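The values are calculated or read from the model by the stated rules, or taken from the named source; none is laboratory data. Bear in mind that the values here come from a model prediction, so they are computed numbers and not experimental data. Positions of Cβ are generated from backbone atoms using ideal geometry, with glycine treated the same way; all protein chains shown enter the neighbour counts. Note: accessible area is taken over every heavy atom of the protein model, side chains too, but ligands, DNA and RNA are not part of it. Shrake-Rupley method; radii C 1.70, N 1.55, O 1.52, S 1.80 Å.
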Amino acid sequence: MDAAPAVLEARNLRVGFRIPGGTMRAVDGVSFALRQGETLGLVGESGSGKTMTSLALLRLLESPPAELAAEAILFEGRDLLRLSEGAMADLRGARLSMIFQEPMTSLNPLMAIGRQIDEPLVTHLGLSARAARARTLDLLARVGIARPEQAVRAYPHQLSGGMRQRVMIAIALACRPAVLIADEPTTALDVTVQAQILALLRTLQEEMGTAILLITHDLAVIAETAHRVAVMYAGRIVETGPVAALFARPLHPYTEGLLRSIPRISRVREATLPEIPGVVPAPGQLPAGCAFAARCGFADDACHATRPVLTPSGEGREVACWKPRHG
């Protein structure tokens, strides 16, 4: 996997919003590379900047108020920041695609499901209406919808949450994209449907060679699906590495805390579930040093004074911490 070239690469990605007295930084210096056929998990608590990162990659943030900057956002060797809006529109939904967090608010409530899947096929691939509809029926069947002929005539509110999520996947994969960004694709689904959706993404990835950026707060989903993982906190990546190595030996205290807080059968007799004290600091109120220091039981004066940077730590791993665990 490591030998494969990067199909999508973010270099020092930053997203800010103007506020009285300065700029609120929602994403602060995020860098990563995503390879063909790979799934990279992006994890962290709500408010850590995961969704903002994904929207910035596709240039879906309105400017103003958002201010997007980076050394580069490279897709297949092209810097997306240098493309015109027309060129970006040609890529979105075709070579770069996204499954948004909540399908009920992402699907058009006034348009039948069939038309919503037909549209990118006609727009990006130039298919005729008849050919697009045939492809739509095939896509719906492939994502596990039992009666595609009925589904194409249905409206979003007439489908279950699991079926709407499958429709979103069908739309996202319609043009066989090189990169798929999946933002919380299993949120609010029961565990059975969640497992089906994850299995579907793996199968389609194997067939198409699609690179997937999987955004979630659910570490169990990452363990099942991803090859590598990047842990975000307060708009910054604090640890990266192969999934197995990171789960077995977390280096950052925040990653360790996230893993400790996962419910386990072996803990059913414990009175309380371990948790990380405190909350993620607001983007406009980040401290001078490590953003996690106030919640960390290992922090010292250096942690509060100086911000750590991502540093290689062997095994293809990086960590931004002055006192890494197991280091």
**Simple Cβ-charge dipole of segment 72-201, Lys/Arg +1 and Asp/Glu -1, about Cα centre, in debye nearest 20** = 440
**Item:** Globularity index of segment 179-327, i.e. its alpha-carbon radius of gyration over 2.2 N^0.38 Å
**Value:** 1.14
**Prompt:** Taking the Cα atoms of segment 1-108 alone, what are Rg (to one decimal) and Dmax (as a whole number) in Å?
**Reply:** 14.5, 46
**Asked** Tell me, in nm to one decimal, what length is gained between GLU71 and ALA248 on full extension, where the rule is 0.36 nm per residue of separation less the Cα-Cα distance?
**Response** 60.4 nm
**Message:** Placing +1 on the Cβ of each Lys and Arg and -1 on the Cβ of each Asp and Glu in the chain, which of GLY126, GLY278, LEU57 has its Cα farthest towards the positive end of the resulting dipole?
**Reply:** GLY126
**Asked** Modelled label-to-label distance, ALA282 and GLN158, 7 Å Cα→beta-carbon offset: nm?
**Response** 4.6
**Prompt:** Percent of accessible area on segment 172-327 owned by carbon and sulfur, 1.4 Å probe?
**Reply:** 56
**Prompt:** Which order, highest average first, do 49-56, 120-127 follow once you tally other Cβ atoms within 10 Å for each residue and take the mean per peptide?
**Reply:** 49-56, 120-127
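For GLU224 and LEU81, what does the FRET efficiency come to when R0 = 22 Å and r is the distance between their Cβ atoms, rounded to the nearest 0.05? Before the final figure, lay out the partial values.
Details: r = 34 Å, r/R0 = 1.53.
Calculated value: 0.05.
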**Message:** List the trypsin sites (Lys or Arg not before Pro) within segment 115-179 that DSSP assigns to loop and that have no more than 16 neighbouring Cβ atoms inside 10 Å.
**Reply:** ARG153
**Message:** Under 5 Å between amide hydrogens, which residues at least 5 positions from ILE99 or on another chain qualify, with H placed 1.01 Å from N in the peptide plane?
**Reply:** ILE181, ALA182, ASP183
**Item:** Quotient of Cα Rg and 2.2 N^0.38 Å for segment 118-221, N being how many residues it contains
**Value:** 1.07
**Asked** LEU273 label point, 7 Å along Cα→Cβ, cut-off 14 Å on backbone N: hits in segment 191-223?
**Response** 217-221
**Message:** Rounded to the nearest 5, what % of DSSP beta bridges with both residues in the chain are antiparallel?
**Reply:** 60
**Request:** For the chain, just the Cα set please: Rg and Dmax, both in angstrom.
**Result:** 20.6, 67
**Asked** So which GluC sites (Glu not before Pro) in segment 61-150 pass both tests, a DSSP loop state and at most 16 other Cβ atoms within 10 Å of the Cβ?
**Response** GLU62, GLU71, GLU76
**Message:** I need the peptides 272-283, 197-208 ranked by packing, meaning the mean over residues of other C-beta atoms within 10 angstrom, with the highest value on top.
**Reply:** 197-208, 272-283
**Message:** Nothing charged except the Cβ atoms of Lys and Arg (+1) and of Asp and Glu (-1): what's the magnitude of the dipole of the chain about its Cα centre? Round to the nearest 20 debye.
**Reply:** 340
